[in-house]
1. For a quick check of your reading of the model, give me the residue pairs whose first member lies in region 81-108 and is open to solvent by less than 30 Å² (accessible area, probe 1.4 Å), whose second is among the hydroxyl-bearing types (Ser, Thr, Tyr) and modelled with pLDDT of 90 or more, with beta-carbon atoms closer than 7 Å and at least 6 apart or on different chains.
2. Please name all residue pairs, on different chains or six or more residues apart, with Cβ atoms under 9 Å, provided the first residue is in region 271-282 and is under 16 Å from Met253 (Cα atoms) and hydroxyl-bearing (Ser, Thr, Tyr) and the second residue is open to solvent by 70 Å² or more (accessible area, probe 1.4 Å) and not in a helix (DSSP H, G or I).
3. Within region 53-83, work out how many residues are modelled with pLDDT under 85 and under 17 Å from Val115 (Cα atoms).
Amino acid sequence: MLIFGSTQIRVSLYLAAYFACLAVDSVVGMALGGWRDVLPVEAVRWLHAVNVPLAYLLGPLLYGYAVALTSLPSSRHGRKLWHIVPYACVLLVSAGNAVAAFDRWPAGMSLVRFVYSAWVLQGMIYLVLAVHRTYQARPLLEQAHADEVALRLTWLRRLLALVGIIWALVAIDRIPIVTGMEESAWFGPVPGCATTVTLCVLAWFGLRQRVLVPPDFVEPTAADPESHAAAYARSGVDPVQCAQIADELRRLMRSEHLYADSHFDLQALSERSGWSPNYISQALNQGLGQNFFEFVNGFRVAAAESCLADPTDKRTILEVALACGFGSKSTFNAVFKRMTDRTPSQYRRSHPAFPDESPA
């Protein structure tokens, strides 16, 4: 997944580093929960020196992932080293305790318990910042006109929600360490196993996500002389020609069913129609008031509606989605509901010839 350019590399590295830290933290936590009674005290201190500092990297890495995922490819994010200051401080305290064992004294024990628990507050602050980032970036993402922006933004929000639950489980798992309470024989391993399984699933899906903003997207600004309006004015194509080009593009899409190819893009339409990508974009924008993805998805959804309303069409919703040019059922559901205010299953059930299906 590190082959999609510098932005994708940055995104993947943030998420990979986050899951690596969480995995080590979970494994060490499970070892401490399962073998604390048989491990030497010195070994326990050194294990804490490994996993406790890593907890202070989870928040910054998660926030860095959210920022990188929702940023323009041309954005430059400075290396803010102050984000790792808490990690460095806790590493010094934990390593110092492993060497000097100052937790044998009341003041030292209070300090150790503080650093064992303060990561929860630090992580929650970064979690709130990451959630804020997803909502702050929404207007920019909508301008990017990416086909799966809404779906991937939903992925990011669900990831943040699941991370919050995971951190709560890990925090509960550490309550006995912080308070000195007697630890349950079963409670420690259960959250550890659940956390490990969950993070593996999230890692699999997360590292397959591309950046939300297409690599060729340029953010329009009022002061930008290359804005759409200025570019259109210099293109030499008047509104009447835009309408004519748009009509030809619609006829081409209907007659050759170009939308049925899930990999169909602006360049492919340009090659098939003979018009340049800039002319096509201008024609769709000024002639139809649509961007390219809205234009293509309009044909795909219309074809899907025809299939779903046909009593003789016994294909599943997934089969209909693929036949109409959507790459997956999840993308089909998101686009169909956005354009019709109903899910494909709800649309099909509105025609009495079909038996009930589970909601899409």
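1. From region 81-108, the pairs are Val90/Tyr56.
2. From residues that are under 16 Å from Met253 (Cα atoms) and hydroxyl-bearing (Ser, Thr, Tyr), there are no pairs.
3. Here the count works out to 0.
The values are calculated or read from the model by the stated rules, or taken from the named source; none is laboratory data. Note that the structure is predicted; figures quoted are calculated from it, not measured. Using ideal geometry, Cβ is built from the backbone for each residue, glycine included, and neighbour counts are taken over all protein chains shown. Accessible surface areas use protein heavy atoms only, side chains included; no ligands, DNA or RNA. Shrake-Rupley method; radii C 1.70, N 1.55, O 1.52, S 1.80 Å.
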